[in-house]
Each structure stands twice: as structure tokens, then as C-alpha cells.
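Single-structure report; data block below.
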Amino acid sequence: MREGRYCQEHRSAINKGFNESDSFLLNKEYSMSILTLKEAYYKTTELQETSCAQCAELFRCTITRSLESIYNDLRRMTEGFFGTKRYQSSYELVCSVLAEIKKEN
């Protein structure tokens, strides 16, 4: 029974991170969205049970795709003729987080 409760608590925390990240994203708080996704990603690494492996991997893939989507959006907003430096720090943050995550895989 402990395994199920443990897994449920982690899944709940990860899903909460997704929801918070979406809220931050809607408010154009990109850095907070990125940091929340990063935290959720590392929460998935705590799911060590064999029965949790597939769910944990699915969460990691989904989080990585979300970060890549943010990366693409920020890249378009910071580069090119109409690019602005307003989101430069968020762009650099998402680049750093993606590199960190990909390095671990």
C-alpha cells in the first residue's frame, strides 16, 4: 500500500507543477514556468519503483516537450528583425534547463 500512496503523492506533485507552469505561461511569466517544469522533472526521478518506470518516463518526455515548446516560442521572440531582449533571460534559462536535462539522459 505504501508504494501506491508514494506514487500518488509524486504524481500529484508533478501534475500540480504542470498546472502551475501553464498558469505562469499564460501570464507570460516564462522563467517561473520553466523553473516549475524543471522542479516537476526532477520530481519524476524520485519514482524509483519498477512499476513507476513507464509513468515516470512519460512525465519526463512530456515535460521535455513542454520545455522545448517554450524554447521555440522564446527563440522566435528574441531572435530576428523583430526580436526583443525582453525575454532574453528566460530564453537563456530554458536553454540551460534543456541542456541540463538532456545531459542527464
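Consider Thr36 carefully, then state whether it is of a type outside the set (A, V, I, L, M) and either closer than 19 Å to Glu20 by Cα or touching a Ser or Thr at 6+ places or on another chain (Cβ under 8 Å) (or both). It is true that Thr36 is of a type outside the set (A, V, I, L, M) and either closer than 19 Å to Glu20 by Cα or touching a Ser or Thr at 6+ places or on another chain (Cβ under 8 Å) (or both).
Within segment 58-82, how many residues turn out to be surrounded by fewer than 15 Cβ atoms within 10 Å (Cβ to Cβ) and not acidic (Asp, Glu)? Before the answer, list the steps.
Filtering segment 58-82 down to residues surrounded by fewer than 15 Cβ atoms within 10 Å (Cβ to Cβ) leaves 58, 61, 65, 68-69, 72, 76, 79-82.
If we keep only those that are not acidic (Asp, Glu) too, we end up with 58, 61, 65, 69, 72, 76, 80-82.
Selection size over segment 58-82: 9.
Looking only at residues that are of a type in the set (A, V, I, L, M) and modelled with pLDDT under 90 in segment 28-55, which one is surrounded by the fewest Cβ atoms within 10 Å (Cβ to Cβ)?
Residues of segment 28-55 that are of a type in the set (A, V, I, L, M), as a first pass: 32, 34-35, 37, 40, 47, 53.
Filter once more, keeping what is modelled with pLDDT under 90: 47, 53.
Numbers: Leu47: 20, Ala53: 11.
Among them, the one singled out is Ala53.
Contact map, segment 1-15: first residue crowded, with 17+ Cβ neighbours inside 10 Å and modelled with pLDDT of 80 or more, second residue outside any helix (DSSP H, G or I) and of a type in the set (A, V, I, L, M, F, W, C), Cβ cut-off under 6 Å, separation 6 or more or different chains; pairs are His10/Leu47. Within segment 31-48, the set of residues being within 14 Å of Val94 (Cβ to Cβ) and aliphatic (A, V, I, L, M) comprises Met32, Ile34, Leu35, Leu37.
Within segment 18-27, the presence of at least one residue that is modelled with pLDDT under 95, surrounded by 15 or more Cβ atoms within 10 Å (Cβ to Cβ) and either over 11 Å from the mean Cα position of the chain (by Cα) or not small (Gly, Ala, Ser) (or both) is confirmed.
Scanning segment 23-59 for residues being without any contact (Cβ under 8 Å) to a residue 24 or more places away in the chain and either farther than 21 Å from Arg86 by Cβ or β-branched (Val, Ile, Thr) (or both) gives a total of 11.
The values are calculated or read from the model by the stated rules, or taken from the named source; none is laboratory data. Because the structure is a prediction, the values reported are computed rather than measured. Positions of Cβ are generated from backbone atoms using ideal geometry, with glycine treated the same way; all protein chains shown enter the neighbour counts.
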